[in-house]
Each structure stands twice: as C-alpha cells, then as structure tokens.
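Written out below as structure tokens is the structure these notes cover.
The values are calculated or read from the model by the stated rules, or taken from the named source; none is laboratory data. Here the structure is a predicted model, which means the values were calculated and not measured. Glycine also receives a Cβ, built like all others from the backbone with ideal geometry; neighbour counts cover every protein chain displayed.
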Amino acid sequence: MASISVEQAKQELAELAEQIQKHDEAYYRNDAPLISDGEYDELRRRNDALEKQFPELVTADSPSQRVGAAVGEGFGKITHRVPMLSLDNAFDDEDVRDFIGKVRRFLRYDPLMGALVVTAEPKIDGLSLAIRYENGKLVHAVTRGDGTEGENVTANALTISDIPKELPAGVPDVVEVRGEVYMSHADFAALNERMIANGGKPFANPRNAAAGSLRQLNSAITASRPLKFFAYAWGEMSEMPATTQMEMVETFAKWGFVINPLMKRCQSVEELIAVYHHIEENRATLGYDIDGVVYKIDRLDLQERLGFVSRSPRWAIAHKFPAQRAFTILREIEIQVGRTGALTPVAKLEPVTVGGVVVSNATLHNEDYVKGIGQDGKPIRGGKDLRAGDTVIIQRAGDVIPQIVDVDLEKRPEDSVPFEFPQVCPACGSHAVREENTKTGRMDAVRRCTGGLICPAQAVEKLKHFVSRGALDIEGLGDKQVETFYELSLEEGGIRTPADIFTLRERDSKALVKLRNREGWGAVSARNLFDAIDARREMDLFRFIFGLGIRHVGEGNAKLLARAYGSWQAFYEAMVKACDHDSEAFRDLNDIDGIGMTVALALTDFFGEQHNIEQLDKLMKEVNPRSVVVADTSASPVAGQTIVFTGSLVRLSRDEAKAQAEMFGAKVSGSVSKKTDLVVAGPKAGSKLTKAQELGIKVISEDDWFDLTGQSSS
Ligand code: IVH
C-alpha cells in the first residue's frame, strides 16, 4: 500500500465508513443495492487494509466492528435466498412409522438396501434465525418472518455469545447457518424477576421472552438479555462441507457454533422412538424448553431427492410431545359465523394458564363436538356434552388452538341445561343447515348459514380475509374498519364486496359525507388509505387466489396453484373448464402435486357459482395479479411438455418421477392423449403404452429419462 499519513488515513476511513453505511442500508434495509457486490467488497477491503495499517484508528462504529444496517425505526426486511420452511408434525409412533414408510416408498429404498439412517434431536421451543457469513465474516442475521422474508436483526444477533462473529479460515465463501434462538429457564426466571422489580410486565414463557428480546430496536437491550443459540440447519452454502446431516452439524460445531448434545443417528423407527422417549424423560432437566423431537434423513443426497411439499421438507418431521392440560370453567358457548357460512361454536372460558400461556377461548368445532360426538361419529370425551357452567379440562399443544378434552360431570351445576345449537344464522336469520355429504352419505359436521351473499357476517368475514395480511394486506383496512365500511351503503362510501374497495376513492369523492370527515378519520389517514388501496391493485397471484377465501385454499395451496398456472388468466380459464369434472382441466388440477380431490372440488364449487364469476369479473376490472416468474427451465429439454410415466419404474417412485419432471419444467399427466408429448415407460407398461404407440407419441425408457434430463446415472 502506498504510504499515507495518519491524518490522511483518518480522513479516508471516515469517508469509507459513511459510504459503507450507505450501501449497507441500501442492501440490507431497502433490499436495493446501489453498487455491485464486487465494488462493495472493494470498499470493505480498503477499510480493512487501512485499519490493519493504523490499528489505533479503529473506532467502535467502524464498518469492521459493525455488521449490516444499523437497526433504525423498525427492522429492515431481507428476502431469504433459500426459503425458511416449517416442519410437518407427528403426534404418535404410528405417524413416525408412516413418515419413514413414505420416505422409503418415495426413494424406493427397500430394506434390502440396508438401514435408512435418520437423525433425532430435540425441537427447541424458541425462534429460528438465519445467519449469513461471507468470506468467514458475519454479514447478517435474519428472523424466519413468513419464511420468504424475515427481519434484519443483525445488530441484535451480534450480542449473542453463542453466535460466532467470524468463522475459521477455510470455510466456504458463503455460509448460512440456521438454528434456534432461545432462553434458558434460569435466565428467563431472573429476567422476569428483574422486569417485575422495575415495574415491568413479565413474559409469559421463555419463547416469548426470547422473541421479545431478539426483536428489540435498541440492541443494548438485547445485549442485556441472555439469549442462546443452537445451530441445526443451513440455507445457502457456496460449497457443502459434508454429505450428511450429522456431519454438517458437527462441522458447525468445529466452526464455533453450539450444537445440541442430544442429537443421535438412528437406524430404525424403534431406535427413533427410543431416542424420543429418552429426550422426553430428560425434558425437565435440560434447562430450556423443547416441544418435541425432530427426525431428519441423514444423507443429504436423499434429502435433495425428497425435496419439499408446500411449506415443509419431505425429509424431516417433528414428533411432538403430548399437550399440556389445565382445569377451568366454561362460561358460555358463543356462535361465530365464518366467511364460508360455517356456524362455529366457541367456548368462552374462565382465563387459565396452560403451559405458560393464558387461555380464555377454545374451539368447539361444530354441533356434534359440543354434544360429545367426533367427526367420525364416535363419542369423544366419553360422549359427554358441554354446558355453560361446566368444569372442563383444556389442553394446548404448541401453537394449536386450545381444545376441551374432558368435562367433570361431578362438578356440573344442577340447573345446567344442554346447549341448543341454533337452527338459524345468528347474523342474518337464514336457515342454517347441515348438508348431506354426497361422498360419504353422512350429514356434514358443519351447520352452515344458507344466506350466502345476504348474510352480513359471511360478507364481512370474506372482506376481512380478502384484505388480511397473507392476502392483499391493505394497510389501514383492518377488521374494525371493514366492519364500519360494511355498514354504509355504496353511495355513502361503503364497501360490500371486494371490488368496492377499489372504487372507494372515486365514490368517496361523490359522497355527501366524505371519509375524511368521518369519526376516526382525517384528511391524511383517508388519503393514506386510498393510496394503500391503489398500491394493491397489483399483487402476487397467490395472494389474490388466497384472498378469494375459497374453502380449503389456504396460503400453501394458493401458492401451489399460482405456481402451476402461472397467470390469473390461465388459472381462471382452467377453473371454469374444470367445473366439468370429466374434463382434462379437472384431471390436470388433481394432478398438481399437493392438490387433492377436496381442494379440487372446493375450487370448482366456487367457480361454478355464477355470482362468484360476476364478482370476479368486476374485481378484475380493478386489479392485476402478477404472473409468476417460473424458474428458468428454458435449457431443459422437456420444459413445457406434458409427460406420462407408466409401467413399473425401477429407479424412481412415481412421486419422485413427478417431482423431477416438474423441476425440469414439464407437466405430468395420468393419462395419454393427443396432448401428451412424451411417455416414459417401464416394464409391464400396458394400455397407456399401446395408446401412445397408436398416437405416435415418443416413448422412452426410464434410463433414457435420466440421460435426457442430464442426470448422471451413478
Ligand atoms: S429443522 C426445513 N431442527 O421448528 C426445516 N427445526 O416447525 C428446518 N425448530 O421453524 C428446521 N428445533 O424454528 C429444525 N432441531 C430443530 C429444531 C427446529 C426447533 C423449529 C424451527 C422451525 C420449526 C419448524
């Protein structure tokens, strides 16, 4: 380095600090870098070189001491390069056996191929965090958020001593370690004591304490909260340092992370269950909360083949501990009307603490459930009905809504009467009926209001859902606001259907009483609302599909549909065609991985209703759902093709074959038609092969498939 005076170095360092700060903010907080990664690295390198030469000039707020963007008002958002997924749950041994069975079938991993090694480790009850290192230096730490995008809590993560700020030499260029931030029982108790002594409110449980502490805007507060971290997973890695789950985690330990000492490799379901019981027995002595045991297929090549369904990997499952229970009094049973008209009874309880959380409501599902009859027609709670005044046992498992599991009949008040489920909708007075399920011939468990569009409760719930966070997420239009807008006529500036939201500004300008003059509103808040609405005229396709509130179409299914159809137009046209259940469109819908018959029928029920189509047509004049940008499969030789797999495949299970084809941008169909582009036939292929030959469709073998898609046949 050219020789330079202390004064000059000081000056240059100050400029570098300012520049780096600006680019950190642009990158981490605004997700909009102003310069290339290379240029940014150059600034950092220059900073490091100067500081090496003049160590006395290193200040506490130098870029080398600080990482990522300073946490200002609110946290910046960072998109996870590899989504942070959740885990499917197993509640008993049978579920674990099913999981292993499914994995074996998917991989065609039969017992002759030897043991399928699976790891078992505690499921830590904290919050997950992704920590990214570039060239061994911590660059940012991000909460899980919605799995796609989390909060930048870098400054706070830096205060956690279990998290290395730097990794040893020789680690891959990009390393993203994931794990759980948690608080120990002892630290939690001491913190709560301190909070109470200072006149503050204590935390309900260690998990809440950990979450509250990590999400402090002032990292000095986080630093004063004793948080810990277990590393158990990873996101983006420029290079894989190991080939199994166990070795990966052991590598993290070598790099300075804390890993859970109870993690074990198992060779059979029996062994997994033994580890589960061992961990459960030791639960109280661990000193931190856990809520189950996580099993993961050890070999990473197998994990990769297994892939994901919707939001969780096929290669892992969480075996949950049984729920925690408590006694309380059932004060009354309230009926709520949902957006699909379902009348749902809700238990209003004397508030009680279960597993560290105060519970005052419990779901009662439906009429039969209140009577003590389960979904399958068999008695639950010993067939005991629920009545106001009853002493009940409630249970809570993880994030699941609390349930009433038993009634103490000895304590039942003498004057109690059985609950009478209303036969009319409490919101609109329409008949509430239980339809016969055409498939099972049994009465549907749910009583539904027949009011449809005239039922204000249904309409209001539909609107609330449409603007809710996971759907259109319109700021300033929460549950309360939706309720008040619904009370007004359209001329008065009200909202009755989703399309009305987007004509609000225009109608308001003609209304006698303008929104800005209404109670709780002003000129600024009214304008903000109109702007927030306009900002949502374009939205992700899946959010729009989810927002329609179609039965069984939650966020996960909405994503699958958006990905499968790509654009609103394609989806809409396919759904209208699929209303004919003999159509190819209906078969295609059913063929989407993760979409089953129930969802398919719910979709065609929705699109088969003329009034829904009318509402959609009105809505589409106002909004523009963004088409999905699909992964670039243009280089794939089968992109856009329709493929049929038939006969007995040897190397692939049907599920894996399908997953592979979809990964290469092809569509998989169950039947051969003129539209089929390619048939992959194994031995014993029958009528489908014959039909393909008749139609002159290209037929290849399973081995050809591997060659065609460039997958080495190792
Ligand atoms: S593995 C792809 N291992 O559980 C799945 N998760 O329900 C990666 N969790 O969001 C997660 N302990 O916050 C894994 N030993 C463990 C865990 C664990 C706790 C949490 C994690 C995750 C949630 C999924």
query = Is segment 296-309 home to any residue that is under 30 Å from GLN711 (Cβ atoms), at pLDDT below 95, part of a strand (DSSP E or B) and out of contact with any Ser or Thr (no Cβ under 8 Å at 6 or more places or on another chain)?
reply = yes
Among (1) within 29 Å of PRO351 (Cα to Cα); (2) at pLDDT below 95; (3) out of contact with any Ser or Thr (no Cβ under 9 Å at 6 or more places or on another chain); (4) not basic (Lys, Arg) - the single one ILE404 does not satisfy = (3)
ask   = Can you find even one residue in segment 192-205 that is out of contact with any Cys (no Cβ under 8 Å at 6 or more places or on another chain) and either modelled with pLDDT of 95 or more or closer than 26 Å to LYS296 by Cα (or both)?
value = no
Scan of segment 496-524 for residues that are assigned to a helix (DSSP H, G or I) and surrounded by 13 or more Cβ atoms within 10 Å (Cβ to Cβ), ordered by number = PRO498, ALA499, ASP500, ILE501, PHE502, LEU504, ARG505, ARG507, ASP508, LEU515, ARG516
task = State whether the residues of segment 201-208 include one that is free of Cβ contacts under 8 Å to residues at least 24 places away in the same chain and more than 19 Å from LEU129 (Cβ to Cβ).
result = yes
message = Pairs please, first residue from segment 266-292 and closer than 16 Å to PRO322 by Cβ, second anywhere and assigned to a helix (DSSP H, G or I) and more than 15 Å from the ligand (Cβ to nearest atom), Cβ atoms under 6 Å, 6+ apart in sequence or on different chains.
response = ILE273/ASP93
query = Does segment 252-291 hold any residues that are assigned to a helix (DSSP H, G or I) and within 16 Å of the ligand (Cβ to nearest atom), and which are they?
reply = PHE252, ALA253, LEU272, VAL275, TYR276, HIS278, ILE279, GLU280, ARG283
key: Criterion violated by GLU350 - all others in (1) more than 30 Å from ASP444 (Cα to Cα); (2) within 16 Å of the ligand (Cβ to nearest atom) satisfied   = (2)
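Does GLY136 qualify as being in contact (Cβ under 8 Å) with a residue 24 or more places away in the chain and away from the ligand (no atom under 16 Å from the Cβ)? Before you say what the answer is, go through the steps one by one.
On the way: in contact (Cβ under 8 Å) with a residue 24 or more places away in the chain: yes; away from the ligand (no atom under 16 Å from the Cβ): yes.
So GLY136 passes the test.
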request  = Give segment 92-133 a look and list any residue that's within 16 Å of the ligand (Cβ to nearest atom), of a type in the set (Asp, Glu) and either at pLDDT below 95 or part of a loop (DSSP other than H, G, I, E, B) (or both), or say none.
outcome  = ASP125
ask   = For the subset of segment 472-495 comprising residues that are within 22 Å of ASP617 (Cβ to Cβ) and β-branched (Val, Ile, Thr), which member is surrounded by the most Cβ atoms within 10 Å (Cβ to Cβ)?
value = ILE495
Residue in segment 383-391 that is over 23 Å from GLU410 (Cβ atoms) and over 32 Å from the mean Cα position of the chain (by Cα) present = no
inquiry  = When you scan segment 139-153, do you find a residue that is among the small types (Gly, Ala, Ser), touching a Gly at 6+ places or on another chain (Cβ under 7 Å), within 16 Å of the ligand (Cβ to nearest atom) and at pLDDT 95 or above, even just one?
reply    = no
note = In the set ARG587, ARG563, ARG551, the lone residue that is among the basic types (Lys, Arg), surrounded by 15 or more Cβ atoms within 10 Å (Cβ to Cβ), more than 24 Å from SER671 (Cβ to Cβ) and out of contact with any Leu (no Cβ under 6 Å at 6 or more places or on another chain) is ARG551
remark   = If we keep only residues of segment 70-80 that are in a loop (DSSP other than H, G, I, E, B) and surrounded by 12 or more Cβ atoms within 10 Å (Cβ to Cβ), then the residue farthest from the ligand (Cβ to nearest atom) is ALA70
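Tell me, yes or no, whether segment 448-465 has at least one residue that is under 30 Å from ALA532 (Cβ atoms) and free of Cβ contacts under 8 Å to residues at least 12 places away in the same chain.
no
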Residue check for PHE230: touching a residue at least 24 places away in the same chain (Cβ under 8 Å), closer than 24 Å to ARG132 by Cβ and outside any helix (DSSP H, G or I) = yes
inquiry  = Based on this model, can you work out whether VAL358 counts as within 12 Å of the ligand (Cβ to nearest atom), outside any loop (DSSP other than H, G, I, E, B) and among the aliphatic types (A, V, I, L, M)?
reply    = no
query = Does ILE297 satisfy the condition of being in contact with a Pro (Cβ under 6 Å, 6 or more places away or on another chain) and either within 14 Å of the ligand (Cβ to nearest atom) or not basic (Lys, Arg) (or both)?
reply = no
task = Give LEU695, LEU678 a once-over and let me know the one that is of a type in the set (A, V, I, L, M) and either crowded, with 19+ Cβ neighbours inside 10 Å or in contact (Cβ under 8 Å) with a residue 24 or more places away in the chain (or both).
result = LEU678
task = Could you list all residues from segment 190-199 that are without any contact (Cβ under 8 Å) to a residue 24 or more places away in the chain and either touching a Lys or Arg at 6+ places or on another chain (Cβ under 8 Å) or within 16 Å of the ligand (Cβ to nearest atom) (or both)?
result = MET195
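So which of ASP173, ASP187 is more than 16 Å from the ligand (Cβ to nearest atom), charged (D, E, K, R) and surrounded by 18 or more Cβ atoms within 10 Å (Cβ to Cβ)?
ASP187 is the lone residue from the list that is more than 16 Å from the ligand (Cβ to nearest atom), charged (D, E, K, R) and surrounded by 18 or more Cβ atoms within 10 Å (Cβ to Cβ).
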note = Listed by first then second residue, the pairs whose first member lies in segment 104-116 and is free of Cβ contacts under 8 Å to residues at least 40 places away in the same chain, whose partner is in a loop (DSSP other than H, G, I, E, B) and exposed (fewer than 15 other Cβ atoms within 10 Å of the Cβ), with beta carbons under 8 Å and at least 6 positions apart or on separate chains, are ARG104/ASP110
remark   = Per the filter on segment 91-136, residues more than 30 Å from ASN208 (Cβ to Cβ), within 27 Å of the chain's Cα centre (by Cα) and of a type in the set (Lys, Arg) are ARG97, LYS102, ARG104, ARG105
remark   = Taking segment 615-654 and keeping residues in contact with a strand residue (DSSP E or B) (Cβ under 9 Å, 6 or more places away or on another chain) and either among the β-branched types (Val, Ile, Thr) or without any contact (Cβ under 8 Å) to a residue 12 or more places away in the chain (or both) leaves VAL623, VAL628, VAL638, THR642, ILE643, VAL644, THR646, ARG654
